[in-house]
Amino acid sequence: MLFILNKYNIFSIFSFENINDLKLYLASFGIWTPVVFIALFTVATVLFVPGLPITVLSGILFGAFRGTIYVVIGSSIGVSASFLIGRYLGRDFVKRMTEKNNRLSELDSYIKEKGDTILIISRLVPIFPFNLQNYAYGVTDISFRTYFWYSLIFMLPGTFIYTSFGALAYSSVPIKKLMLYSGILLGALCLLIIVPRKIFKISDKLN
């Protein structure tokens, strides 16, 4: 499936270059747009499609608050599906994939060493490739309940920041306020990346 999607360049549809086309397409569903968006985000997560452009698009379509809600719903369903596939259907495939990635190959040992802390960090900070780590957690000893709730809660800060960027990009606020709000969001994003690493002392070799 991934080979076919890549061959026909399907992933490019979800790039920033096509975000206006995506916006028009989703808006065409009217009152069903949130449902279609959530379904799209769910499928995108399972199929390794980069979620950042779609997250920003959510802010453009729905605003920061509603956009965050829809992204969190879609991503929570998607990461749960990926986890269950990794645990029950594709364990050997996921192991082969993670062994090729130096960061993900150490994920299980980090979980055993640091417990649930590494799950919190990996949801707050982009240490590991997001879509692949969802499958990788399925082959670890972490429980589905812990994985689901920690993922849902700790994906919220980053999601809100990115949807806020999307909402600002298409807003009509004065340029001075736009620069101020953008600076605040950039500062929040930097803190989100740096502070958790310092608190939990995550090794620099994962950079």
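Observations, loosely collected:
- 2 or more residues at pLDDT below 80: qualifying helices (runs of 4 or more DSSP H) within the range 46-103: 91-99
- Residue match in the range 30-37 (condition: under 12 Å from Phe160 (Cα atoms) and at pLDDT 90 or above): no
- When the range 123-158 is filtered for residues that are at pLDDT 85 or above and of a type in the set (A, V, I, L, M), the ones remaining, listed by number, are Ile142, Leu152, Ile153, Met155, Leu156.
- Selected residue (criterion: nearest to the chain's Cα centre (by Cα)) from residues of the range 52-66 that are within 18 Å of Ser151 (Cβ to Cβ) and crowded, with 22+ Cβ neighbours inside 10 Å: Thr55
- Members of the range 66-86 found to be in contact (Cβ under 8 Å) with a residue 40 or more places away in the chain and hydrophobic (A, V, I, L, M, F, W, C), listed by number: Val71, Val72, Val79, Phe83, Leu84, Ile85
- Residue selected from the range 181-200 under the condition loosely packed, with under 14 Cβ neighbours inside 10 Å and modelled with pLDDT of 70 or more, by the criterion nearest to Ile120 (Cα to Cα): Cys190
The values are calculated or read from the model by the stated rules, or taken from the named source; none is laboratory data. What you are looking at is a predicted structure, and each value in this text was computed from that prediction instead of being measured. Cβ sites come from the backbone with ideal geometry, for glycine too, and all protein chains shown count toward neighbours.
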